[in-house]
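Engineer: Got a structure for you, questions after.
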Amino acid sequence: IGPTLAALFHPNGQELITSGSSGLLRWPLARNIDEAVGELRIGPPQKLAELATNKGRAALDQNGRKIVIDESRDSAVVFDLEQPTKRLRLQPHPKLHYIAISPDGRWAATGTWQGTGVKVWDVESGKLEADLMPDRVSATTAFSPDGKLLVVGTGIEYAFFEVPSWRLKYRLAREHGGGHGGHVAFTRDGRVAAIAQSRPLIDLIDPDTGHRLATLEPPNPTAVGSLVFTPDGSHLAAESNNTIQLWDLRRIREQLAALGLDWDLPSYAAADQQTATPLEVVVDMGALTGSRR
């Protein structure tokens, strides 16, 4: 389907949303699992909208209704997936590159690559609500799962803003210099955040206070990019120079607990011991290029 910069599972678990040069596409998902083998059917896709460029980074709200797409070098577009023919443009923000949407779909925050500042937009009206850190270059954006915090990551710091007042709550300096925009991820319950502290280091923090819980240092130090927790929060994946670091936080905490050094949060649920079922994936490209398996 050509260059594609977003692939997002819908919260209902029955759809995959992609955006890129082929447009905004909705792919139905159907799963059939038996004891021997599982099958996942994807497609055929429904084209919801054409996009103006080959960009297409996207963020989906918690209800799976509002999606915000980075469509050009100075603007983003909001789609209501139940009425995809209607679109609302958020502009201008020169060199727009990063995008986030609040869990309730009320706010969108845009950051840049080699541009300046973070802008917060009202998703219903398109009105510019706040212009944050206008002197900062290449800033990332992320909302906390409860929608109460907006995190801005730059090459020198992370700034945590309260929503919807947009007051600065606290800052965390990037101690050794992290290059350009800093990446952040939250556990699903919002009790832990991971931030790319410096090029090789990842800090786990309490997002309410900024208190550091732990620092993760890989054996082969490389720059850290995108971060994501598994749904139960027990593992953290970090993109690093075209490889994936996978941190088993359950095992780390077990070892720390034996030394009396574990951080003060509830233990993880017991690990699922079920054996994974082999999965066959069948993709129906529909009218795009014909069926493909």
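The values are calculated or read from the model by the stated rules, or taken from the named source; none is laboratory data. These numbers were taken from a predicted model, which means no experiment stands behind them. Here the Cβ positions follow ideal geometry from the backbone for every residue, glycine too, while neighbour counts run over all protein chains shown. Please note that ligands, DNA and RNA were not included when accessible areas were found on the heavy atoms of the full protein model with its side chains. Shrake-Rupley method; radii C 1.70, N 1.55, O 1.52, S 1.80 Å.
Engineer: Going by the structure shown, is THR116 of a type in the set (Val, Ile, Thr) and farther than 19 Å from GLY225 by Cβ?
Structural biologist: Working: of a type in the set (Val, Ile, Thr): yes; farther than 19 Å from GLY225 by Cβ: yes.
So THR116 fits the description; yes.
Engineer: A further question on this structure: Considering only residues of segment 140-153 that are surrounded by fewer than 22 Cβ atoms within 10 Å (Cβ to Cβ) and in contact (Cβ under 8 Å) with a residue 24 or more places away in the chain, which is farthest from GLY111 (Cα to Cα)?
Structural biologist: The first filter runs over segment 140-153 and keeps only residues surrounded by fewer than 22 Cβ atoms within 10 Å (Cβ to Cβ), leaving 144-149.
From the residues that got through so far, the ones that are in contact (Cβ under 8 Å) with a residue 24 or more places away in the chain too are 144-147, 149.
On the way: SER144: 16, PRO145: 19, ASP146: 21, GLY147: 18, LEU149: 16 Å.
Taking the candidates together, the pick is ASP146.
Engineer: Let me ask you something else. Residues GLN62, GLN114: which one is touching a residue at least 12 places away in the same chain (Cβ under 8 Å), in contact with a strand residue (DSSP E or B) (Cβ under 7 Å, 6 or more places away or on another chain) and in a loop (DSSP other than H, G, I, E, B)? Lay out the reasoning, then the answer.
Structural biologist: Details: GLN62 fails: in contact with a strand residue (DSSP E or B) (Cβ under 7 Å, 6 or more places away or on another chain).
Result of the check over GLN62, GLN114: GLN114.
Engineer: Taking the stated definitions as given, is PRO11 open to solvent by 30 Å² or more (accessible area, probe 1.4 Å), under 19 Å from the mean Cα position of the chain (by Cα) and not polar (S, T, N, Q)? Walk me through how you get there before you give the answer.
Structural biologist: Details: open to solvent by 30 Å² or more (accessible area, probe 1.4 Å): yes; under 19 Å from the mean Cα position of the chain (by Cα): yes; not polar (S, T, N, Q): yes.
Against the criterion (open to solvent by 30 Å² or more (accessible area, probe 1.4 Å), under 19 Å from the mean Cα position of the chain (by Cα) and not polar (S, T, N, Q)), PRO11 qualifies.
Engineer: State which residue is surrounded by the most Cβ atoms within 10 Å (Cβ to Cβ) when the search covers only segment 98-111 and only residues that are in contact (Cβ under 8 Å) with a residue 60 or more places away in the chain and assigned to a strand (DSSP E or B).
Structural biologist: So the first thing to find is which residues in segment 98-111 are in contact (Cβ under 8 Å) with a residue 60 or more places away in the chain, and the list is 98, 102, 111.
Those still in the list that are assigned to a strand (DSSP E or B) too: 98, 111.
Working: TYR98: 22, GLY111: 29.
Among those residues, the one meeting the criterion is GLY111.
Engineer: Continuing with this model, one more query. Sort out which residues of segment 229-262 are among the small types (Gly, Ala, Ser) and surrounded by 15 or more Cβ atoms within 10 Å (Cβ to Cβ), and write them in order of number.
Structural biologist: Start the filter on segment 229-262 by keeping residues that are among the small types (Gly, Ala, Ser), which leaves 233-234, 237-238, 240, 257-258, 260.
Residues satisfying the conditions are GLY233, SER234, ALA237, ALA238, SER240.
Engineer: Then there's this: Quick check on segment 57-97: of everything there that is crowded, with 22+ Cβ neighbours inside 10 Å and of a type outside the set (A, V, I, L, M), which residue is nearest to MET133 (Cα to Cα)?
Structural biologist: Residue satisfying both the conditions and the ranking: HIS93.
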